[in-house]
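Read-outs throughout are calculated quantities, based only on the coordinates presented, and are distinct from any laboratory measurement. Keep in mind that what you see is a predicted model, and the values were worked out from it rather than measured. When we count neighbours, we look across all protein chains shown, and the Cβ atoms used for this are built from the backbone with ideal geometry, even at glycine.
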Amino acid sequence: MLPVWSPYRRVLDRRSSSLPRAETLIVLIGDGPTMASETDRAVYLQWLDPDRIEEYVEAHETVPEGVRDAMRRGGVTEFEVYVRGTVAVCVLEAEDLDAYVEAVTGDPAVEEWERHVAQFKEAGVDVDAPPDEQIPFMESIWSFRP
């Protein structure tokens, strides 16, 4: 599967597939050749509205510069969004995850963007939640580094 949006490439795999919401989704991210070794990595999910997946994908063709600026201020070294069925997986690498959260939490451009894409989602990032609950980061339970 190719990323929907990344600062390095913009490719979309439009093959039809679906992952029922009731299934367990396990995301395993290891240190690969494209991931920096001295960064914090985080993964989170967004559950998409099945009737608005295309709109969610199309919105990511023009991620606002203000959002990109906040990500740069937060030390992001790589950010990718993958979509399969109604699930969007967000993979984030930053120099310091706490600095990233501080940079994007309360940023007007990020809030506007998240409110815009919220119309295409059933659950995920929630800018109205308390600051430490806005991004639903997953817990890493296993990794492999040869």
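Kindly provide log₁₀ I(q)/I(0) values, in the same order as q = 0.22, 0.23 Å⁻¹, from the Debye equation applied to equal alpha-carbon scatterers of the stretch 64-113. Here log10 of I(q) over I(0) equals -0.80, -0.85.
Annotation for Gln119 and Asp132: the two label points, set 7 Å from Cα along the Cα-Cβ direction, are 3.4 nm apart.
Sorting the segments 53-62, 97-106, 128-137 by their residues' average number of neighbouring beta-carbon atoms within 10 angstrom, most packed first, yields 97-106, 53-62, 128-137. Given their separation in residues at 0.36 nm each and the Cα-Cα distance between them, Glu55 and Glu38 gain 2.6 nm when the chain is fully extended.
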